[in-house]
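So the structure is just underneath, and the comments pick up after that.
Every read-out reported here was derived from the displayed coordinates using simple, explicitly stated rules and does not represent laboratory data. Since the model is a prediction, treat every value here as computed from it, not as a measurement. Cβ: placed from backbone, ideal geometry, glycine included. Neighbour counts: every protein chain shown.
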Amino acid sequence: MTATSSPRTWLAGLATLLSFACATAALAQVVVVPPTPQIGSSNPITAEPPVSRPHTTPCVVPLFNNLAFADFTLKTFSYAPPSACPGPWAKVVFTADFTVTAGRQFDRTAAFYLGHANIYYGTTAEPRKTLSPSWHVESDVTDLSAIFASPQTGEANIGNFVGVSGGVTYNGIIYANAALEFYPAGGGAGAPVTPDIVVPVNGGGGDAGTLNTTSDTISQTLNLPTNVERVYLDVIAQSQSNDEFWYFCVPNDQTSNLESCGNTAFRETEIWIDGQPAGVAPVYPWIYTGGIDPYLWEPIPGVQTLNFKPYRVDLTPFAGVLSDGGTHTVAVSVYNANSYFLATANLLAYLDHGIAKVSGGLLKNTLSMAPTPTVDEEISTGAGPTYTGTVTVGSKRNFEISGYINTSHGRVETTINQTVGFLSKQQFDVNANTDIQNAQQLTTVDSRTNVRGGINSGVVEQHFSYPLAINYSFLVNADGSFSQTTTSDQQDLIREVNNTGWGPASVRNLSNEVHATDTLKWDSSGSFLGPTGSKTTQTYRLQTSKGQCWDRTITAAAQVLTSVTDGPGCKH
């Protein structure tokens, strides 16, 4: 992660340097936070539920403890499966705890790998002179059980500069613990069917790959068994450097006028198999804890900021192709990447254990080689100069991909119909004393997967929606004082209906929203006066037909947690 580099880089950087003042960072280790939210605390906190666990007693395998990150060296560790809890497992849960020593430090990217497969991806919190933030993350990694079945070498990557740069001292050291919890099957907890093979797709070794342009890719050569039945790709594409605030970017001919990054405010992740388009993954607009105004995200960070969720692309129509015994290549790129995105992915393959070789092929693929976004610039130039108006960018892709395989349980056809939409509208008022940018953005995916034949016959319908609205205002007053006001509303909305296999359809509805507002003020001499009006609210709701229910709202003001409210319909 680079230094804070908002659309107004120097201003956000100034806010960070002035408000996160230098202190002598006492060497410390991980401080584990309480499992329940603490009113009055400034530690990072989210409204998200913990991972649901079976009732069986887990075997806990530590990956590392109190590992210090104070440079850009990849840290390695060793892993061995728990002998007391042999698989298959009812569930495997990844957990991690972090602490950053008090002082000055930027947010950093955190990525952990096992057998080169990504098991965690997120970003870190920023400290202050008197705040050493600690937080906890966890996620369900049961689908990676094939990696956990044998000893592996792991890599932990949190690149973090500690020292003096440009006359400024950065002294926040990041410490982390990580572990895997293995829950045995039994006692009413059955072991789910998990992928037989996990193939990492990244930049080589234990690290994400760098995508600087549209044509850049990360790729992996595959020689899969000849009986692949289903295949998926879990993808993370993270914006960095010039692309960190891609949702504020503008057409290249307006970058100087509007003081922003280029290539427009549209990004999209593309999936390729043997050079042909195989799927699309929307780019989630993550905002890191140093983004735009660090006080916005203390103690409640943006959606998924501390723990990214990969987007799963269904590649099952290509199962027959990938099972032909030949060598194939899967690749990931980001359309409009502008130096740069980091990308990592895990390919997950299920095998047909009733036959040594399946046959099949691709029936139809209407996915185009690239999106064709429309760009409408309505920017007027006035005296001063002053630049006012709007920029609108839209994209819509409709496609169908269909394939078949002849399996031990008959012919199975999988057809995926998707509509991927994107719309961004930005409003500008930019002159010598005013810099106003209001950005509204919506990414949607409507997907219908129809499986004909086999034990999983049926239909899966999914809807993903990523609304984002950011209002940014920087004003210079007549007396020479100035202020920056930012309001952000960020959401992650998911609805899934799975009507495949036996039994009733399963339904999952998820809503995660973070609303934040803050004003930064400086006097006429440029002295930082601090934040004012800081308030953040997060509401997380989850309900499934299998009985999962979570409804929590948390609020913060003046950089401390002020309330936790649970909905009446769920037992927490």
The ratio Rg/Rh over the Cα atoms of the stretch 318-364, Rh being the Kirkwood inverse mean 1/r radius, stands at 1.11
For the stretch 197-272, the Debye formula with one identical point scatterer on each Cα and no solvent gives log10 I(q)/I(0) at q = 0.22 Å⁻¹ as -1.06
Of the listed pairs Lys129/Lys535; Lys396/Lys546; Lys129/Lys521; Lys91/Lys571; Lys309/Lys546, those with alpha carbons more than 28 Å apart are Lys396/Lys546
Given backbone amide H placed at 1.01 Å from N, residues whose amide H is under 5 Å from that of Phe106, ignoring those fewer than 5 places away on the same chain, are none
In whole µm²/s, the translational diffusion coefficient that Stokes-Einstein assigns to the stretch 485-569, given a Kirkwood hydrodynamic radius over C-alpha pairs, 37 °C and 0.692 mPa s, equals 209
Between the residues Pro127, Tyr472, Ile494, the Cα farthest towards the positive end of the dipole of the chain, that dipole coming from +1 and -1 charges on the beta-carbon of Lys, Arg, Asp and Glu, is from Ile494
With +1 on the Cβ of every Lys and Arg and -1 on the Cβ of every Asp and Glu, the dipole magnitude of the chain about its Cα centre, in debye rounded to the nearest 20, is 1040
For the stretch 169-240, the Kirkwood Rh over every pair of distinct alpha carbons, in Å, works out to 17.1
Dividing the mean separation of Cα pairs under 8 Å (6+ apart) by the residue count of the chain yields a relative contact order in percent of 13
re the stretch 271-374: pairs of Cα atoms spaced beyond 20 Å account for a percent value of 56
Debye calc, one equal point scatterer per Cα of the stretch 365-445, no solvent, log10 I(q)/I(0) at q = 0.23, 0.25 1/Å comes to -1.03, -1.11
Phi angles of the stretch 473-479, converted by Karplus (6.51 cos²θ - 1.76 cosθ + 1.60, θ = phi - 60°) into ³J(HN,Hα) in whole Hz with x for Gly and Pro, give 9, 10, 10, 9, 7, 4, 7
Non-local residues with an amide H under 5 Å from the amide H of Lys91, with H modelled 1.01 Å from N and Pro and chain starts lacking one, are Tyr183
Computed over the stretch 326-417, the Cα gyration tensor eigenvalues, each multiplied by 5 and square-rooted, give semi-axes in Å (largest first) of 46, 17, 9
To the nearest 10 degrees, the tilt of helix 9-19 (Cα long axis) against the first principal axis of the alpha carbons of the chain is 80
Under the Karplus relation with 6.51, -1.76 and 1.60 and θ = phi - 60°, whole-Hz ³J(HN,Hα) for the stretch 361-373, x at Gly and Pro, equal x, 8, 9, 7, 8, 9, 6, 6, 5, 7, x, 10, x
Diffing the stretch 30-42: the Karplus 3J(HN,Hα) column from phi (6.51, -1.76, 1.60, θ = phi - 60°), in whole Hz with x for Gly and Pro, holds 5, 9, 6, 7, x, x, 10, x, 10, 4, x, 8, 9
Between the modelled labels at Val564 and Thr255 (7 Å from Cα along Cα→Cβ) the distance in nm is 4.5
Cα-based Rg then Dmax for the stretch 9-566, in Å, read 24.1, 79
Quotient of Cα radius of gyration and Kirkwood radius for the stretch 109-246, i.e. Rg/Rh, equals 1.02
In whole µm²/s, the translational diffusion coefficient that Stokes-Einstein assigns to the stretch 45-120, given a Kirkwood hydrodynamic radius over C-alpha pairs, 10 °C and 1.306 mPa s, equals 102
Reduced to Cα centres, the span from the stretch 272-294 to the stretch 399-476 in Å works out to 11
Residue-normalised 222 nm signal for the chain, counting each DSSP H run of n ≥ 4 as -39,500 (n - 2.57), nearest 500 deg cm²/dmol, is -1000 deg cm²/dmol
On the formula 1/(1 + (r/R0)^6), with r taken between the Cβ atoms of Leu475 and Ser511 and R0 of 35 Å, the FRET efficiency rounded to 0.05 is 0.55
By the mean-Cβ-within-10 Å protection proxy, highest first, 489-501, 155-167, 341-353 rank as 341-353, 489-501, 155-167
